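A.B. asks: Input: one structure, supplied below.
Any read-out appearing in this document is the output of simple, stated calculations on the displayed coordinates, not a laboratory observation. No experiment lies behind these values; they were computed from the predicted model shown. Every residue, glycine among them, receives a Cβ derived from its backbone with ideal geometry; neighbour counts consider all protein chains shown.
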Amino acid sequence: MILNKTLYGDVQVIDLMIGALILIFGMIIAKMVSLYVKKLLKEKINKEQNYILVKLVYYGLVIFVLTSALPVLGIRLNALLVAGGVMGIAIGFAGQSIFSNLISGVFLLIERPIKIGNAVKIDDTVGRVEDIQMISTTVRTFDGLHVRFPNQKVFGEKIINYEANVARRFQYQVGIRYMDDADKAIAIIKKIIDKEPFALKYPEPMVFVEGLGESSVDLIVRMWAPVEIWHSLYRNVLWKIKVSLEKEGIEIPFPQRVLWDARAK
């Protein structure tokens, strides 16, 4: 029978079929179990913990399936170790990058400097984290582009996470004319901030004169907001400051130069 035909060593066609079935059904079962774990723990633990646990369950089952299928295919683990010693030099350089990315991915999942959905800056790319896999991390830029980073680069680069804290500070520099009342301008701006329900009271907002420029008295406005809505608050408050100052006759000056005629007496 063809099923009893020897392919190599002691491995017959039937062994090859059994090994293939173990791999196929094993992968399917690993995926189903990981999805079940994800659904079962969805309401019990937070999203990031659920994500890490599902990944560990999936890759743990994949390793178990592989170690179960290899002996059926006539591949012994001790033989792999011996072969690994012989082939190590040949494949070492090719596999070094993959192994580094894999280890970096494990550390990213454990340390969690970034989470899925966070607004981040990695290298010169700014966007939201779409996915964190064992080998790579995907970021969707605010222009709608998907950028894939090897995990080794993500783990080795400086990461700016704009949403790691619950609150974020922002500031403006507002210039007014020298003839305008700086105390009045500060009072107007403080009143605008006080009326904003999402402007945090602590840390306390600050409005003060920072410097005397060539054409303007420069005010600094600093405030804190919940990270989820800070950008919309940033835009709204800036517009309200402009409109309110103009209503009170306080203007943002244009650059000015005073020219002296040396011939004038």
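A.B. asks: Cα gyration tensor of segment 119-161, axes a ≥ b ≥ c as square roots of the eigenvalues: rounded (a/c below 1.5), prolate (a/b > b/c) or oblate? Intermediate values should be presented prior to the final figure.
C.D. replies: Values: a/c = 1.96, a/b = 1.24, b/c = 1.58.
Oblate, because a/c is 1.5 or more while a/b does not exceed b/c.
A.B. asks: Residue-wise, which Karplus ³J(HN,Hα) couplings in Hz belong to segment 108-118, taking 6.51 cos²θ - 1.76 cosθ + 1.60, θ = phi - 60°, and x for glycine or proline?
C.D. replies: 5, 5, 7, 6, 6, x, 9, 10, 4, x, 5
A.B. asks: Karplus couplings for segment 209-214 from phi (6.51 cos²θ - 1.76 cosθ + 1.60, θ = phi - 60°), rounded to Hz, Gly and Pro as x?
C.D. replies: The phi angles translate into 7, 9, x, 10, x, 5 Hz.
A.B. asks: What GluC sites (Glu not before Pro) does segment 206-241 have in DSSP loop regions with at most 16 other beta carbons within 10 Å? Present the calculation step by step, with values, prior to reporting the outcome.
C.D. replies: On the way: sites: GLU210, GLU214, GLU228; in loops: GLU214, GLU228.
Sparse-neighbourhood loop GluC sites (Glu not before Pro): GLU214, GLU228.
A.B. asks: Order the peptides 137-143, 27-33, 151-157 from the highest to the lowest mean number of other Cβ atoms within 10 Å of their residues.
C.D. replies: Values: 137-143: 15.6, 27-33: 13.7, 151-157: 18.1.
Top of the packing list down: 151-157, 137-143, 27-33.
A.B. asks: Let me ask another. Mind listing the phi-derived Karplus ³J(HN,Hα) values for segment 57-72, rounded to whole Hz, using 6.51, -1.76 and 1.60 with θ = phi - 60°, and x for any glycine or proline?
C.D. replies: Working through the residues one at a time gives 5, 4, 6, x, 5, 4, 4, 4, 5, 5, 5, 7, 7, 4, x, 5 Hz.
A.B. asks: Could you compute the FRET efficiency for PHE254 and VAL166, with r as their C-beta to C-beta distance and R0 at 45 Å, rounded to 0.05?
C.D. replies: Working: r = 40 Å, r/R0 = 0.89.
Computed FRET efficiency for PHE254 and VAL166 comes out at 0.65.
A.B. asks: Lys and Arg at +1, Asp and Glu at -1: add these up for the other residues within a Cβ distance under 12 Å of ALA182 and post the number. Don't skip to the end; give the middle numbers.
C.D. replies: Values: positive: ARG177, LYS184; negative: ASP180, ASP181, ASP183, GLU210, ASP218.
Result for the neighbourhood of ALA182: -3.
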